1. Sorted by average packing, counted as other Cβ atoms within 10 angstrom per residue and highest first, what order do 137-149, 176-188 take?
2. What whole-number distance in Å separates the alpha-carbon centres of segment 161-215 and segment 73-149?
3. Using a basic spin-label model with each label point 7 Å from the Cα along Cα→Cβ, how many nm lie between Met1 and Ala97?
4. Amide H of Ile44 versus every other amide H placed in the peptide plane: which residues, excluding those fewer than 5 positions away on the same chain, fall under 5 Å?
5. Would segment 106-215 count as rounded, prolate or oblate if I go by the C-alpha gyration tensor, calling it rounded below 1.5 in a/c and otherwise prolate when a/b exceeds b/c, oblate otherwise?
6. Near Lys27, which aspartates and glutamates are there with a Cα under 20 Å away, not counting those fewer than 8 places off in the same chain?
7. Give me the number: length gained by fully extending Thr175 to Met11, i.e. 0.36 nm times residue separation minus the C-alpha to C-alpha distance, one decimal in nm.
8. List the lysines whose alpha-carbon lies under 20 Å from that of Lys131, not counting same-chain residues fewer than 8 positions away?
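FYI, it's all coordinate maths here, none of it is from the lab. Please read these numbers as outputs of a predicted model, since none were measured by experiment. Neighbour counts are summed over all protein chains in view; Cβ atoms, including those assigned to glycine, are modelled from backbone coordinates with ideal geometry.
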Amino acid sequence: MQYVKNLPTYMVQRYHGWKATTYTENKAWYRRLADEGQRPRAMIISCCDSRVHVTSIFGADEGEFFIHRNIANLVPPFTQDGDHHGTSAAIEYAVTALKVAHVVVLGHSNCGGIKGCHDMCAGLAPELEDKSSFVGRWMDIMRPGYDRVSSLPEEDRTRALEKEAVLVSLENLMTFPFVQEAVESGRLSLHGLWNDIGDGSLQQYEAESRSFVAI
Ligand SMILES: [Zn+2]
């Protein structure tokens, strides 16, 4: 594999910095994490976007969150077609093996995936409609969500679609039989959040008011 290269220097230096400080100061704790295995209480599904920093905003340590990231924090509907389903595999493992008590879908502002979805559904991004586009086919999950926001003024549509992505994902979570069963038996609760990257605010979906409300 001649195409595999050594890490760039800045990453090597940062690693050594972490090993000499954070790791060394908490060595016993890391050993215990390794020996005892993980027991996270929550699974977080967030966007791949580098600005979404879920462990930072919740002050979480290693071992606390089982985190799955994908483009636009989407959960696909439950399908058993024998194909490769990374997100569904992560959900299955979190709920049936780790038995997390919470699954949190975390959306965010200025999401490039959602913008692409908006443009594709509005007919402005033909390249995403191509069968060969992985991003486009992934964003097909959000087509029902786009239909719900398409009547809004254009300037409000993308933000509404970011929040709709959280709702579509929560709805799709409930199509997984083991999720539905865990929710109905009270072992698992589902949560929907949306984070504004610029002002640091966090909103959660409240079922009673059917709206996102600031925390
Ligand atoms: Zn995003």
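1. Details: 137-149: 18.1, 176-188: 14.4.
The most tightly packed comes first, giving 137-149, 176-188.
2. Each part's Cα centre sits 14 Å from the other's.
3. 2.1
4. Amide H neighbours of Ile44, under 5 Å, 5+ apart: Phe66, Ile67, His68, Val104.
5. Details: a/c = 2.16, a/b = 1.34, b/c = 1.60.
Note, shape of segment 106-215 comes out oblate.
6. Here the aspartates and glutamates satisfying the reach criterion relative to Lys27 are Asp35, Glu36, Asp61, Glu62, Glu64.
7. On the way: separation 164, 0.36 × 164 = 59.04 nm, distance 4.08 nm.
Extra length from Thr175 to Met11 when fully extended: 55.0 nm.
8. Lys115
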